[in-house]
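**Student:** I'd like to ask some things about the structure below.
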Amino acid sequence: MSDGKNAIKLNYDTGWEYAAAPESTDHININDRYELFIDGKFTAPKSGAYFDTINPANEKTLASVAQASKADVNRAVKAARGAYDNVWSKMKAAERGKYIYRIARIIQERAREFAVIESMDGGKPIREARDVDIPLAAAHFFYYAGWADKLDYAFPQKTPKPLGVAGQIIPWNFPLLMAAWKIAPALACGNTVVLKPAETTPLTALKLAEVIQAADLPPGVVNIITGDGSTGAAIVDHDDIDKVAFTGSTDVGRIIQRALAGTDKKYTLELGGKAANIIFEDAPIDQAVEGIVNAIFFNQGHVCCAGSRLLVQESVAKEVITKLKERMQTLVVGDPLDKNTDIGAINSAAQLERINDYLALGQKEGAEMYQAGGKTPKKGYWCQPTLFTDVAQSHRVVREEIFGPVLAIQTFRTLDEAVSKANNTQYGLSGGVWTDKGAKIFKVGQNIRAGVIWANTFNKFDPTSPFGGYKESGVGREGGLHGLSAYVNLH
Ligand code: ADP
């Protein structure tokens, strides 16, 4: 908590700085060791193997977490199948809805604890975890709880039937929120679940397992197992899984798609992105600069729909880049638990290395790199917000997903050129447009091949709105009514 003294102090070397305002961790309870959540109970992994999850802001171990093997995946799928056959698929829909509402309410009650643990385990600023991740996770459970007893009205002239057991694999960028995106619609439609969080951010999913216990869900309806890619692969390959829902890298998405080819398992894949944010000369420039910062720098660029490419109209390019550099100098990089922090820790050493490789590569390719500078803590994984200008479409920093606070800037002269550059990517998850003119918004929106287009804003989410990609950004949609159809067969 803030000590309440001098919210702001003046530092004559670097300009205005905020006094530290760290969030308290007194109310947080993290066990030394976590087991697998199978059939309503925490149970040791058959192999006896565990791995550590660390705090990327100080490299300290937070907990030891079970590594699920094939045998554990078997147990989890068996529990999910039993719960599906005997309890969940037979339960009245309104009763299912009550359980989901209960999960939503408990997450709200424990929101602070969830936010702090999310920040500690993943490195994201507490402000994001507190204001975005956790409220949205609760909102997803609320939203889909409401659908549980209205499914018959969701698909006119069709009768929806659950699929059975869903295997769900999620990444480290929005750990609890991704779990909510996956679990809530699956349960509302009458499916049971085996979920695996990412190996670097398992803690809030394990806390969610505690919530599920507290909500008294019938055992086996939700099973949460931890482990690495081999655990994920064992879920995908399991014969008794009816549906795979995956969010993560395009590379792993491809492996999963290959593994599922020729089976009758349904799947949704939410993969990488390289979103373009397009700024026209008639845009409110200050607002747009703030939007760019939000699109790529907040959250360390750890967002698959991050606006990692900026397309700015030539006539305002100089102004936008100058203002952006000025704004970058005021961004606070550091302790994720400090409420003033804009950019937290990079999620893992491996991810930081990957980002640094791209920074070196961008310069080698001939781009001009700009970083605001500033100090970062000695321990932990940090990356200053970075701009690349003088880039060509062929540069890898323009084409490939970096997943860090790194922005590549290109210019354009006409709307058609902007759209064609925006579409010149293998990805198609999201995009943004900044202009004063509604007609331009519609024209750009209609012509960009991406699942979500934001206008005069960026990275805004709502449970009622579908999300998903074109091209190599994925298959299927999550969220909203579309998200329900991914968990039912329609007769
Ligand atoms: P990221 O690049 O975002 O870390 P990954 O695609 O590597 O994304 O990981 C996302 C999730 O997929 C994690 O939970 C990870 O353990 C899991 N995973 C990794 N490899 C595989 C695989 N071959 N099959 C299934 N899941 C996998």
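**Student:** Would you confirm whether or not the stretch 473-487 contains a residue that is of a type in the set (Phe, Trp, Tyr), more than 16 Å from the chain's Cα centre (by Cα) and buried (at least 16 other Cβ atoms within 10 Å of the Cβ)?
**Tutor:** yes
**Student:** What's the number of the only condition in (1) assigned by TED's automatic domain parsing to the domain that holds GLU417; (2) within 13 Å of the ligand (Cβ to nearest atom); (3) not small (Gly, Ala, Ser) that GLN257 fails to meet?
**Tutor:** (1)
**Student:** List pairs: first residue in the stretch 139-164 and assigned to a loop (DSSP other than H, G, I, E, B), second residue polar (S, T, N, Q) anywhere in the structure, Cβ distance under 6 angstrom, at least six positions apart or on different chains.
**Tutor:** Between residues of the stretch 139-164 that are assigned to a loop (DSSP other than H, G, I, E, B) and residues that are polar (S, T, N, Q), the close pairs are LEU163/ASN191.
**Student:** Quick check: anything in the stretch 271-281 within 16 Å of the ligand (Cβ to nearest atom) and more than 19 Å from the chain's Cα centre (by Cα)?
**Tutor:** No, every residue in the stretch 271-281 fails to be within 16 Å of the ligand (Cβ to nearest atom) and more than 19 Å from the chain's Cα centre (by Cα).
**Student:** Still on this structure: Could you check, for the stretch 282-293, whether at least one of its residues is surrounded by 20 or more Cβ atoms within 10 Å (Cβ to Cβ) and within 11 Å of the ligand (Cβ to nearest atom)?
**Tutor:** Filtering the stretch 282-293 down to residues surrounded by 20 or more Cβ atoms within 10 Å (Cβ to Cβ) leaves 283, 288-289, 291-293.
Those left that are additionally within 11 Å of the ligand (Cβ to nearest atom): none.
Scanning the stretch 282-293 turns up no residue that is surrounded by 20 or more Cβ atoms within 10 Å (Cβ to Cβ) and within 11 Å of the ligand (Cβ to nearest atom).
**Student:** Among the residues of the stretch 403-412, write down those that are open to solvent by 20 Å² or more (accessible area, probe 1.4 Å) and at pLDDT 95 or above.
**Tutor:** THR411
**Student:** Here is a further query. Is one or more of the residues making up the stretch 142-151 of a type in the set (Asp, Glu), in contact with a helix residue (DSSP H, G or I) (Cβ under 8 Å, 6 or more places away or on another chain) and within 16 Å of the ligand (Cβ to nearest atom)? Working first, answer last.
**Tutor:** Filtering the stretch 142-151 for residues of a type in the set (Asp, Glu) gives 149.
Cutting the leftovers down to in contact with a helix residue (DSSP H, G or I) (Cβ under 8 Å, 6 or more places away or on another chain) gives us 149.
Narrowing further to those that are within 16 Å of the ligand (Cβ to nearest atom): none.
For the stretch 142-151, residues of a type in the set (Asp, Glu), in contact with a helix residue (DSSP H, G or I) (Cβ under 8 Å, 6 or more places away or on another chain) and within 16 Å of the ligand (Cβ to nearest atom): absent.
**Student:** Here is a further query. Select, from VAL333, VAL303, the only residue that is out of contact with any strand residue (DSSP E or B) (no Cβ under 6 Å at 6 or more places or on another chain), in contact (Cβ under 8 Å) with a residue 12 or more places away in the chain and over 20 Å from ALA392 (Cα atoms).
**Tutor:** One residue alone meets the criteria, VAL303.
**Student:** List pairs: first in the stretch 432-443 and open to solvent by less than 50 Å² (accessible area, probe 1.4 Å), second at pLDDT below 95 and part of a loop (DSSP other than H, G, I, E, B), Cβ under 6 Å, 6+ apart or cross-chain?
**Tutor:** The qualifying pairs are GLY432/GLY307; GLY432/PHE458.
**Student:** Here's another thing I want to ask about it. So which residues in the stretch 215-228 are away from the ligand (no atom under 11 Å from the Cβ), open to solvent by 10 Å² or more (accessible area, probe 1.4 Å) and under 19 Å from the mean Cα position of the chain (by Cα)?
**Tutor:** Residues satisfying the conditions do not exist here.
**Student:** Taking THR231, is it assigned by TED's automatic domain parsing to the domain that holds TYR50, within 28 Å of GLN213 (Cβ to Cβ), part of a loop (DSSP other than H, G, I, E, B) and open to solvent by less than 50 Å² (accessible area, probe 1.4 Å)?
**Tutor:** Taking the combined requirement at face value, the residue does not satisfy it.
**Student:** Among the residues of the stretch 330-365, count how many are β-branched (Val, Ile, Thr) and either over 23 Å from GLU118 (Cβ atoms) or in a helix (DSSP H, G or I) (or both).
**Tutor:** Of the residues in the stretch 330-365, the ones β-branched (Val, Ile, Thr) are 330, 332-333, 341, 343, 346, 355.
Right, trim to either over 23 Å from GLU118 (Cβ atoms) or in a helix (DSSP H, G or I) (or both) and you get 330, 355.
Selection size over the stretch 330-365: 2.
**Student:** Take the residues in the stretch 235-252 that are more than 23 Å from PRO162 (Cβ to Cβ) and in contact (Cβ under 8 Å) with a residue 60 or more places away in the chain; name whichever of them is farthest from the ligand (Cβ to nearest atom).
**Tutor:** The selected residue is THR250.
**Student:** Counting only residues that are among the basic types (Lys, Arg) and within 14 Å of the ligand (Cβ to nearest atom), which one in the stretch 181-214 is nearest to the chain's Cα centre (by Cα)?
**Tutor:** LYS182
**Student:** Restricting to the stretch 450-469, name every residue that is out of contact with any strand residue (DSSP E or B) (no Cβ under 9 Å at 6 or more places or on another chain) and surrounded by fewer than 17 Cβ atoms within 10 Å (Cβ to Cβ).
**Tutor:** Across the stretch 450-469, the qualifying residues are ASP462, THR464.
**Student:** While we're looking at this one, here's another question. Please note which strands (runs of 3 or more DSSP E) are completely contained in the stretch 13-93 and include at least 1 residues that are open to solvent by 20 Å² or more (accessible area, probe 1.4 Å). Break it down into steps so the answer makes sense when it comes.
**Tutor:** Numbers: elements: 15-18, 36-38, 41-43, 50-55, 60-66.
It comes to 15-18, 41-43, 50-55, 60-66.
**Student:** So, one more: Which condition number does GLU400 fail, the rest of (1) in contact (Cβ under 8 Å) with a residue 40 or more places away in the chain; (2) surrounded by fewer than 23 Cβ atoms within 10 Å (Cβ to Cβ); (3) more than 16 Å from the ligand (Cβ to nearest atom) being met?
**Tutor:** Unmet condition: (3).
**Student:** Of all residues in the stretch 299-329, count the ones that are in a helix (DSSP H, G or I) and under 18 Å from GLY272 (Cα atoms).
**Tutor:** Total satisfying the criteria: 3.
**Student:** Considering only the stretch 413-423, I want to know if a residue exists there that is of a type outside the set (S, T, N, Q), assigned by TED's automatic domain parsing to the domain that holds GLY291, over 19 Å from LEU352 (Cα atoms) and crowded, with 24+ Cβ neighbours inside 10 Å.
**Tutor:** Within the stretch 413-423 (the criterion being of a type outside the set (S, T, N, Q), assigned by TED's automatic domain parsing to the domain that holds GLY291, over 19 Å from LEU352 (Cα atoms) and crowded, with 24+ Cβ neighbours inside 10 Å), the answer is yes, since at least one residue qualifies.
The values are calculated or read from the model by the stated rules, or taken from the named source; none is laboratory data. Bear in mind that the values here come from a model prediction, so they are computed numbers and not experimental data. Because the Cβ atoms are built from the backbone with ideal geometry, glycine has one as well, and the counts that use them run over all protein chains shown. Protein only, heavy atoms only, side chains kept; ligands, DNA and RNA dropped before computing areas. Shrake-Rupley method; radii C 1.70, N 1.55, O 1.52, S 1.80 Å.
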